[in-house]
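To start, the structure under review is shown below, and the notes come after it.
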Amino acid sequence: MLHYIFLLTLPLVAWSLPSPDLVGPRRRPTRFLVHSRSEARDIDYWNRPRSDSFLSKRSNVHSVDFFTNPPSSLSARAPFALSSPASPLFAPAENKRATAGQWENMSGSGVYHPAVTSWGPNRQDVYYMHRDRKCRHKYYRGGSNPWNPDWDDLGGSLDSAPSCCSRKSGYMHVFCKGTDYQIWHRPYGGGGWGSWEPMGGNGKHYPSSCSWGGRHASVYTSSGDNQLWGTQYDEKSGWGSWQNMGGSLAGAPKAVTWGEGHTGVVVRGTDGQAWVTQMMNGNTWGSWASLGGSLESEPSAVAWNGNMAVAVGGTDGAVWMRTYTNSTGFWGNWMNMGGDVRPGTPPEVVAWGTQMEVYYTGRDGALYRKKANNGQWTASWENMGGSVVTKPSGMAWDNGKVDVYGMSSDGSTRRCY
Ligand SMILES: *[C@@H]1O[C@H](CO)[C@@H](O)[C@H](O)[C@H]1NC(C)=O
Ligand SMILES: *[C@@H]1O[C@H](CO)[C@@H](O)[C@H](O)[C@H]1NC(C)=O
């Protein structure tokens, strides 16, 4: 009962009023906001054929209609192979990438999926919400004894998976929804941890944070009003006020950046479709655009070198992907990747250079992967083994290393490396 009272009253009292220059377009009832800016584009526009080579060699391109209403002949998914032969295409960096069957049991007793970030070569940081609702942290520092031996207890009173990001070497931020529904933040920098800081807000799901580097970080949350709220950090001026970004969200947002001035936020709308808004110039959000689709859970995304890829678990149990290329301003069509995604666990997508990998947690608890080199995808899903029940949290770091984390049913954090 207390929960409902909080949900009803907190939006009124807990959000600081956005300053006038930060107020986004007003939300219209029952649909995502679409305002009169010239970049508002319809589905046909987004799906227009592209002349660039990125992802253009795909053979399994389907339209949004196909995704939403697949022919009945395809609604029973074809079985997919559980292993794929090693491809010479990937040989150079193969030893740095997550390897099938190569898992580390990092122990712990967690509740939701772990979160991971890196501030540079030879450094990974992993966070999870422990059963005591406090945040736990482990870090990888390379060398012969690469991990700090025990999970650090960072305290807090968490009610969600954490989200983390790094601005630069030696600086990190970890965020969560607290048991009081506020978003909480704990910064690391200058060799030590700051204290947990309440940021206000009325979080409904776990938050999502990102940094385009240097002085900047930002965090986004789906609120009790189902709208997206975000706030930006600058090292000099601190956190700005919350900005109401509108929308009608069913699930946690996913925020990504390919560098200075850019952020994309992808969400699952209450209509089940993927929606995206992007900031290109460091301070103005474009209008919401529907990416279509029929999502079973929240989307995942990655941004790099002026590209953005969105990977989702469809209501048909398959993995679907769409990619945006900044140089052309176009989204490719949805690509049906097949697979058999464990319900409630979105896939994970990582990318660097011309490489991309997508992972999902199968119904059987194993992790599965497909890889792409310059838009050429491996045909079948590779069974990575393991025993995970949450969505995978993957990261491409240190120029082509890939590590993927998940939580096992016993609460231990598992790492595929
Ligand atoms: C993983 O580690 C935890 C804690 O050390 C242990 O309880 C569990 O049995 C381990 N699981 C496996 C499969 O080794
Ligand atoms: C994105 O596109 C804009 C406009 O063409 C360009 O100014 C900008 O440099 C591009 N950014 C990246 C990272 O490609």
- Picked from segment 351-396 (must be among the basic types (Lys, Arg) and assigned to a strand (DSSP E or B)), the residue farthest from ligand 2 (Cβ to nearest atom) is Arg369
- Task: Of the numbered conditions (1) in contact with an Asp or Glu (Cβ under 6 Å, 6 or more places away or on another chain); (2) of a type in the set (Phe, Trp, Tyr); (3) within 22 Å of Gly314 (Cα to Cα), Trp275 fails exactly one; give the number of that condition.
- Result: (1)
- Message: Restricting to segment 397-409, name every residue that is touching a helix residue (DSSP H, G or I) at 6+ places or on another chain (Cβ under 9 Å) and either assigned to a loop (DSSP other than H, G, I, E, B) or of a type in the set (D, E, K, R) (or both).
- Response: Asp398, Asn399, Gly400, Lys401
- Item | Qualifying position, being closer than 22 Å to Ala255 by Cα, exposed (fewer than 14 other Cβ atoms within 10 Å of the Cβ) and more than 16 Å from ligand 1 (Cβ to nearest atom), among Gly120, Gly143 | Gly120
- Item | segment 294-320, subset touching a Ser or Thr at 6+ places or on another chain (Cβ under 8 Å) and among the aliphatic types (A, V, I, L, M), residue farthest from Trp331 (Cα to Cα) | Leu295
- Out of (1) within 16 Å of ligand 1 (Cβ to nearest atom); (2) more than 15 Å from the chain's Cα centre (by Cα), the odd one out for Thr390 is which? (2)
- Message: Within segment 105-124, does at least one residue satisfy the condition of being over 28 Å from Glu357 (Cβ atoms), small (Gly, Ala, Ser) and modelled with pLDDT under 95?
- Response: no
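Taking the criterion of being within 16 Å of ligand 1 (Cβ to nearest atom) and farther than 23 Å from Tyr206 by Cα, would at least one residue in segment 309-318 satisfy it? Working first, answer last.
So the first thing to find is which residues in segment 309-318 are within 16 Å of ligand 1 (Cβ to nearest atom), and the list is none.
The answer is no; no qualifying residue exists.
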- Message: Can you tell me which condition Asp225 does not meet? The list is (1) part of a loop (DSSP other than H, G, I, E, B); (2) open to solvent by less than 20 Å² (accessible area, probe 1.4 Å); (3) not small (Gly, Ala, Ser), and all the others hold.
- Response: (2)
- Read through the list (1) buried (at least 24 other Cβ atoms within 10 Å of the Cβ); (2) out of contact with any Gly (no Cβ under 7 Å at 6 or more places or on another chain); (3) farther than 20 Å from Gly344 by Cα; (4) hydrophobic (A, V, I, L, M, F, W, C), then give the number of the only condition that Ala289 fails. (1)
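To keep it simple, each residue is scored yes or no on (1) modelled with pLDDT of 95 or more; (2) away from ligand 2 (no atom under 16 Å from the Cβ); (3) closer than 15 Å to Trp377 by Cβ; (4) within 18 Å of the chain's Cα centre (by Cα).
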| site | (1), (2), (3), (4) |
| --- | --- |
| Ser290 | no, yes, no, yes |
| Asp316 | no, yes, no, no |
| Thr328 | no, no, no, no |
| Arg342 | yes, yes, no, yes |
| Pro346 | yes, yes, no, yes |
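The values are calculated or read from the model by the stated rules, or taken from the named source; none is laboratory data. What you see is a predicted model, and the numbers here were worked out from it, not measured in a lab. Because the Cβ atoms are built from the backbone with ideal geometry, glycine has one as well, and the counts that use them run over all protein chains shown. For accessibility, only protein heavy atoms count, side chains too; no ligands or nucleic acids. Shrake-Rupley method; radii C 1.70, N 1.55, O 1.52, S 1.80 Å.
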